[in-house]
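S.K.: My structure is below; once you've seen it, I'll send some questions.
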Amino acid sequence: MTDCALIGVGLTPFGKHPDRSLKDLAAPAIERAVADAGISRNEIDIAFVASTVSAITTGQVAVVGPVVLSHAGISGVPVYTVDNACAGGSTAVNLATHALRAGVARTALVLGVEKLYAPDRATTYRALNGAADIDW
């Protein structure tokens, strides 16, 4: 396969959302994207989830992708969590494109979910400062 297409999109409105978890932020976007694509969740073969500073602001470490997808009713597929700062989303799209073109999957889900807000402003600053070369 050399061609692939974006067949559905979904978005949760941007904002601080102090009372919403990563799961709560991701679920509506996933639901809208799946509906827009006209597919069911069980047609998703692979997923790429971009998230960078949420580990610091929420404490959810290492398994952001599997946690948010499981909450949205998606499990049993390979899930890759991508941490690449501001390029995380485009990196996830790039990886999904490679997987589709290689024939590893027929349908891929790409999700970006982030929580930059923390009740303690110092935590937010620490998260953002960590997205640069700390020795610089």
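S.K.: Does anything in region 121-136 have its amide N under 17 Å from the 7 Å Cα→Cβ label point of ALA85, and if so which residues?
M.R.: Under 17 Å, as judged by backbone N against the label point of ALA85, lie 125-136 of region 121-136.
S.K.: Another question, if that's okay. Under a GNM of the chain (C-alpha, springs under 10 Å), which listed residue has the highest mean-square fluctuation: ASP83, ASP19, ASP36?
M.R.: Answer for the Gaussian network model of the chain: ASP19.
S.K.: Name the residues of region 84-114 whose amide N is less than 15 Å from a point 7 angstrom out from the Cα of THR2 along the C-beta direction?
M.R.: Label zone hits: 101-103.
S.K.: Further question: Return P(r) of the chain (all Cα-Cα pairs; 10 Å bins starting at 0; whole %; ordered from short to long distances).
M.R.: In whole percents, the pair-distance histogram is 12, 43, 31, 12, 2.
S.K.: Taking H as built 1.01 Å from N, whose amide H comes closer than 5 Å to the amide H of VAL82, not counting residues under 5 places away?
M.R.: Sorted by chain and number, the residues that satisfy this are VAL49, ALA50, SER51.
S.K.: If you wrap a convex hull around the C-alpha atoms of region 8-67 and split its volume per residue, what is the figure in Å³?
M.R.: 91 Å³
S.K.: Would you mind telling me which residue in TYR80, TYR117, TYR125 has the biggest mean-square fluctuation in a Gaussian network model of the chain, where springs connect alpha carbons within a distance under 10 angstrom?
M.R.: Most flexible of the set in this elastic network: TYR125.
S.K.: Take every Cα-Cα pair in region 41-116 and report what % of them are more than 14 Å apart.
M.R.: Percentage above 14 Å: 56.
S.K.: I need the trypsin sites (Lys or Arg not before Pro) found in region 16-68, filtered to DSSP loop residues with at most 13 other beta carbons within 10 Å of theirs.
M.R.: LYS16
Every number in this text was worked out from the coordinates using simple rules, so none of it is lab data. All figures in this text were calculated on a predicted structure; none of them were measured in a lab. As a convention, Cβ positions derive from the backbone with ideal geometry for all residues, glycine included, and neighbour counts pool all protein chains shown.
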